[in-house]
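Let me begin by presenting the structure, written as structure tokens, before commenting on it.
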Amino acid sequence: MLSLVMEVNDNGNSISTSPSDPIDQLYALFNRIKENQSIDKSSENDSVFDKILSEYATASAEPHIKRLSAQLICRLLPGLNISDSHQKAAFNALIDLVEDDDSQTRRQVISGLPRLCLSSSATSTTNTSSRSNKDSNRINEYATKVSDVLVQLMQTDDDKELSLVEQSLLSVLSSAAQASIRAIFSQLSHPDLPEAARRRCIRFLSDRILCIDRCQMTPEVEEVIVEQVTTALEDVTEAEFTCFIKVLASLQCMQTVSGRQRLVDTICAQAIDAIDPTDSAEFEPQDLACVGRVRGCARQALPFLSKSIISDKFVTYYLDKVLPQLSQVSELADGDRPRLELMQQLAELSSHVSPDFKATDQQLSCLLNQLDSELPHHEDGSSKSATEYNFSHIESLLFAVHRLTQARQDYFGTNAGAFDALQNRLKHCQSASRSYQQSLKPSTDSTNSSAISIALAITSNICRLIEYLLLPKLLSRPPGQSESSAAASLTPSWLLGGQQKSRRRIAAPNIRPSDSDELSLNSPTKRPGRDSSDAAGLTTSRKRRAVDLPVYRPPVGKFSSAVGPMPKHSSAARGGRSRYYNVYTGAGAAASATAGRRSSGSGNR
């Protein structure tokens, strides 16, 4: 029971509270506001609410009083019909309390802020459309303000408080998604936002975007997310870029083939400056940030590519901007090999170009010149040892050459004289690869089995790719004319085993089957069949069963007396139906005739 005496003057406008207990006074004020709402005296609530703000929701109050006043304000404000000045004063009071020195007070305010974004229809006495529009505007306004505050609070060092901030922000996103998303990205673009808050907010978006209520995640909301993320990608770090691509990849609108293509184009347009060959921006091989941006961009786009999702813009950029300056890209001291990764990315991207894509003569000449620079020159005609070849570089460039020349079968015919020396160097490279392959096969060291298997795969791919290019002669048969399907079945060595999973950061999400037959990068283009190892295992299993199981023998002696010929009029069908079976009555025709004669005989009698 409240130890509080309420005194109301004759006009009913002013109140006074007798007991001095602040807790009782706060509850009394809260009950008075609720009572005024129930009897249509909301005009008196301004003075009552002002008393809560001025006397209890202040920095000088006791911590437990501040916590209770914050709780009551968050409960009253959504459905309270007060002036705009009092609403602004109430929100400012909450902001002051969220900066309080007492951690319990801050947590109380943080947990109560999402209540401001709830609809007041449950407490409303009228339900008109104008009231609904007003309520929606109020929710969006508070969602914007609350989201701004919560994003800034992510700089806290208190783990429990940070978890509470994320839960509150997720609640606001589920109440007013569009307004909250715009407010979040507005804060992310603010230069004064602390780095810790920015990093945690981006991580929150990438991890919790799927937790938003599906009723709120409408196509309009997803379009707002795409718009805001596209704008934010203009100035991000590599880690932030990965998180934002994860956000886009999780949206429902990005699960179709057209959505995936839009995602790949977004990566190209925002993460790489010189995607258009006519652009003045240039690739800077000595700039580690520029090289890292290009590598990271391709690394994120590769998992989404397939037969239906093409990489024409990427390949054009690599051929025009990256490849001419690839030799200037330096290897890093920590073992990172950016030049090799760029070559491997070009090889993978080249396998996902559209059927209409045709590399220009200048682009193909640049690619072959890069391949020629990786092959040692044999001035005296002698063969070079395998140690002088960088087989990883050669394999990557050979894959790119083979896949890009399939659509340009006229290129080698019109440029025949320029490839005589290259043809001889490729033959020497093939010979060195076979020699190195033979030297690796006798090695049975289990500690280096993985490295040896990769080396064997590299040399095997090189030998087969050079064979497709040179046999028959390079000038008599353009590459890819008759052996394209065989070369297409080759798997690059860097995609064997677990290397593909460790390199790729984002797995290709499932795409709706109705949009395309090619759903993901890892989906098979043909029906999977048993390989030689499976067939060998199946054969071994059959042989084992043939040895283990006894041979069946029919019964003899007294057990064979029950075995005899089938009945004369029985059918081989299950159930013993005769060939005169009536499909309408389910009985044999002879049986039906006999029954008919019996019935007619009994009638005559």
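The values are calculated or read from the model by the stated rules, or taken from the named source; none is laboratory data. Here the structure is a predicted model, which means the values were calculated and not measured. We place every Cβ from the backbone using ideal geometry, glycine too, and count neighbours over all the protein chains shown.
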Q) Condition test on S327, is it part of a loop (DSSP other than H, G, I, E, B) and either of a type outside the set (V, I, T) or at pLDDT 90 or above (or both)? A) no
Q) Out of all the residues in segment 206-213, is one or more under 14 Å from I184 (Cα atoms) and among the aliphatic types (A, V, I, L, M)? A) yes
(Q) Looking at S373 and the list (1) at pLDDT 90 or above; (2) under 37 Å from the mean Cα position of the chain (by Cα), which single condition is not satisfied? (A) (2)
Q) Does L26 meet the test of being hydrophobic (A, V, I, L, M, F, W, C), under 27 Å from S136 (Cβ atoms) and at pLDDT 85 or above? A) no
Q: Would you check if there is a residue in segment 139-156 being modelled with pLDDT of 85 or more, closer than 21 Å to C211 by Cα and not in a helix (DSSP H, G or I)?
A: no
Q.
Pairs please, first residue from segment 413-440 and closer than 16 Å to N461 by Cβ, second anywhere and among the acidic types (D, E) and modelled with pLDDT of 85 or more, Cβ atoms under 7 Å, 6+ apart in sequence or on different chains.
A. none
Q.
Name the single residue that is surrounded by the fewest Cβ atoms within 10 Å (Cβ to Cβ) among those in segment 73-96 being touching a residue at least 40 places away in the same chain (Cβ under 8 Å) and under 21 Å from L170 (Cα atoms).
A. I95
Q: Go through segment 29-82 and count every residue that is modelled with pLDDT of 80 or more, among the small types (G, A, S) and in contact with a Leu (Cβ under 8 Å, 6 or more places away or on another chain).
A: 2
Q. Any idea which of S443, S433, S449 is on the phi < 0 side of the Ramachandran plot, modelled with pLDDT of 90 or more and of a type outside the set (D, E)?
A. S433
Q | Residues that are hydroxyl-bearing (S, T, Y) and under 15 Å from A197 (Cβ atoms), drawn from segment 139-162 | A | S147, T156
**Q.** Checking L364 against (1) closer than 22 Å to Y389 by Cβ; (2) in a helix (DSSP H, G or I), the condition it does not meet
**A.** (1)
(Q) closer than 21 Å to S365 by Cβ, assigned by the TED database to the domain that holds Q362 and modelled with pLDDT under 85: which single residue out of L397, L470, L465 fits that description? (A) L470
Q) Filtering segment 183-193 down to residues that are more than 22 Å from the chain's Cα centre (by Cα) and in contact (Cβ under 8 Å) with a residue 40 or more places away in the chain, which residue is farthest from G112 (Cα to Cα)? A) S189
Q | Among (1) at pLDDT 90 or above; (2) surrounded by fewer than 19 Cβ atoms within 10 Å (Cβ to Cβ); (3) assigned by the TED database to the domain that holds R260 - the single one Q362 does not satisfy | A | (3)
